[in-house]
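Peer 1: Below you will find the structure I want to go over with you.
The values are calculated or read from the model by the stated rules, or taken from the named source; none is laboratory data. Keep in mind it's a predicted model, so treat the numbers as computed, not measured. Because the Cβ atoms are built from the backbone with ideal geometry, glycine has one as well, and the counts that use them run over all protein chains shown. The protein model used for the area step is the full one, side chains on, heavy atoms only, and it has no ligands, DNA or RNA in it. Shrake-Rupley method; radii C 1.70, N 1.55, O 1.52, S 1.80 Å.
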Amino acid sequence: MDPVRNPYAPGAGQRPPELAGRGRELDVFDIVLERIARGRPERSLMLTGLRGVGKTVLLNTLRSQAINRLWGSGKIEARPDQSLRRPIAAALHMAVRELAPRHRAPERIDAFLGVLKAFAQRGAPTGRGGAAPKLRDRWQPGIDVPAASGRADSGDIEIDLVELLTDAASVASDVGTGVAIFIDEMQDLGPEDVSALCAACHELSQLGAPLIVVGAGLPHLPAVLSAAKSYSERLFRYQRIDRLDRIAADHALCAPAEREDVAYEAKALDLLYEKSGGYPYFVQAYGKATWDHAPRSPITPADVRVAAPEAEAELAVGFFGSRFERATPAEREYMRAMATLSLVEGENDGGGRDDMDAAVPTSEIARALGRKPASLSPARDALIKKGLIYSGERGTVAFTVPHFGRYLRTQPA
């Protein structure tokens, strides 16, 4: 098979050639946009799921839907060591620049940009003793208008964000459209920023303002939002993004192949689904390796078996290994215990298969390591902060990466 014609794309956030199994999510968002356009009340949207299920790809696709409807849009990726002020200011700057050519009152745009500049600069870092920030720390947004005074510049992120987003929604309303802000890795926002974002979305929903936030994060994102504001369970529409079912996984493989006049034997698809577990990133990784090793069409189970070690080796280095290397020895010990305890037998053609990893009680991990639970808290908290595990329910932890436990169980101690 010609590797130049290989259609599969196992890249981080890279859109696959066929976005299979996400039609429902796309339809839901289309309805959300249409309802807001008609002045109907709607909630902001939160996408949750493990790593490798395609949350970032879906987030980018939803943004394209908003752009196609002439909405202003901006996207940020949250980081645990960064305040929300600068990134969301940059995202709103981008969104309003998209709306500005259609606005009939340039002074309204300038007035908003003044508020935006004040909002961002209010959070500017200062040097020792309150000295002016260094040049590299100054915000350089390319906004020529002077910063406004008395609006979104109180220094309280919750007050300021409500005012800023309200003003942005007003600008969008002037041109008969809306603003959508997309936030990836949303679980990494700090507690104050999460609280402020919830408060702003609450205020905007009460006003019926045409601005929504679309977030994507790990499975514990709902718990992060709920800890910030108790009403967040009713404030957002949550959509869990999971692995593909068999039909969708086959379509993700077969549709791009058919466009290259290549077919799969049914048993080859059986084996590919068994290997990938239906996780979109793995589907692309095994599909790419199989294509490169197959001598001709149709692709056979033998081709999959020959290619599988290469796909697994690439995943071991780029997907699993890179994450494992970020952990300290104590954290690795913790994860190895998790991996042993989280083994769940799945069924495949009437037989058991190491298919997935269950959530594990932290008390069981402590017992397995012969330690007191409190002594393992630093390792657990560090792994959560690094995005390697999450706590979906109190007293339990699980891996954020599919098949990570299986990977650890194959590695030498």
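Peer 1: For the chain, modelled as a Gaussian network with Cα springs under 10 Å, which listed residue fluctuates most, Gly215, Gly190, Gly395?
Peer 2: Among Gly215, Gly190, Gly395, the largest GNM mean-square fluctuation belongs to Gly395.
Peer 1: Within region 87-118, name every residue whose backbone N is under 15 Å away from a label modeled 7 Å from Cα of Asp144 along the Cβ vector.
Peer 2: Output list for this probe position: 101, 106-111, 113-114.
Peer 1: Same structure, new question: Pulled fully out, how much extra length does the chain show between Asp174 and Asp81, if you take 0.36 nm times their separation in residues and subtract their Cα-Cα distance?
Peer 2: In short, 29.9 nm is gained.
Peer 1: Which whole-Hz couplings ³J(HN,Hα) result when phi for each residue of region 394-411 is put into the Karplus expression 6.51 cos²θ - 1.76 cosθ + 1.60, θ = phi - 60°, listed in order with x for Gly and Pro?
Peer 2: 3J(HN,Hα) across region 394-411, in whole Hz: 4, x, 10, 9, 8, 6, 7, 10, x, 6, 5, x, 4, 4, 5, 6, 9, 8.
Peer 1: Roughly what percent of Cα-Cα pairs across region 1-119 reach past 23 Å?
Peer 2: The proportion of pairs with Cα distances above 23 Å equals 47 percent.
Peer 1: Which one, Val317, Pro298, Tyr334, projects farthest toward the positive side of the charge dipole computed for region 217-356 from Cβ point charges (K/R +1, D/E -1)?
Peer 2: Tyr334
Peer 1: At a 1.4 Å probe radius, carbon and sulfur cover how many percent of the accessible area of region 210-367?
Peer 2: The nonpolar share, carbon plus sulfur, comes to 51 percent.
Peer 1: How big is the dipole moment of the chain about its Cα centre under a simple scheme where the beta carbon of each Lys and Arg is +1, that of each Asp and Glu is -1, and everything else is neutral? Debye, nearest 20, please.
Peer 2: The dipole of the chain has a size of about 920 debye.
Peer 1: State, to one decimal in nm, how far the label point of Arg108 lies from the label point of Gln14, with both points 7 Å from Cα in the Cβ direction.
Peer 2: Reported label-point gap for Arg108 and Gln14 is 4.3 nm.
Peer 1: Still on this structure, please answer the following. Taking only the Cα atoms of region 186-271, how large is their convex hull per residue, in Å³?
Peer 2: On the way: hull volume 12.4 nm³, N = 86.
Cα-based convex hull of region 186-271, divided per residue, equals 144 Å³.
Peer 1: Express as a percent, rounded to the nearest 5, the fraction of DSSP beta bridges in the chain (both residues included) that run antiparallel. All intermediate terms of the calculation are to be shown ahead of the outcome.
Peer 2: Working: 10 of 31 bridges.
Counting only bridges with both partners in the chain, antiparallel ones make up about 30 percent.
Peer 1: Which pairs, out of Lys229/Lys372; Lys229/Lys275; Lys55/Lys117; Lys75/Lys117; Lys229/Lys385; Lys75/Lys385, put more than 29 Å between their alpha-carbon atoms?
Peer 2: From the list (Lys229/Lys372; Lys229/Lys275; Lys55/Lys117; Lys75/Lys117; Lys229/Lys385; Lys75/Lys385), the Cα-Cα distance tops 29 Å for Lys229/Lys372; Lys229/Lys275; Lys55/Lys117.
Peer 1: Within the chain, which is the longest segment that contains none of the trypsin sites (Lys or Arg not before Pro) sitting in a DSSP loop with at most 14 other Cβ atoms within 10 Å?
Peer 2: Here the longest run is 139-258.
Peer 1: Which is farthest toward the positive dipole end of region 169-305 among Cys198, Tyr281, Ala209, measuring Cα position about the Cα centre, with Cβ charges +1 (Lys, Arg) and -1 (Asp, Glu)?
Peer 2: Going by the Cα projections, it comes out as Tyr281.
Peer 1: Can you tell me which of Val213, Val145, Val401 moves the most in a GNM of the chain? Springs connect C-alpha atoms under 10 Å apart.
Peer 2: The residue that fluctuates most here is Val145.
Peer 1: Could you point to the label whose value was computed as volume of the Cα convex hull per residue in Å³ for the structure here, given (i) 136; (ii) 174; (iii) 160?
Peer 2: Answer by label: (ii).
Peer 1: Placing +1 on the Cβ of each Lys and Arg and -1 on the Cβ of each Asp and Glu in the chain, which of Gly392, Ile88, Asn68 has its Cα farthest towards the positive end of the resulting dipole?
Peer 2: After comparing all options, I get Ile88.
Peer 1: Mind checking the per residue accessible area of region 43-123 for me, 1.4 Å probe, whole number of Å²?
Peer 2: Dividing the accessible area of region 43-123 by its residue count gives 41 Å².
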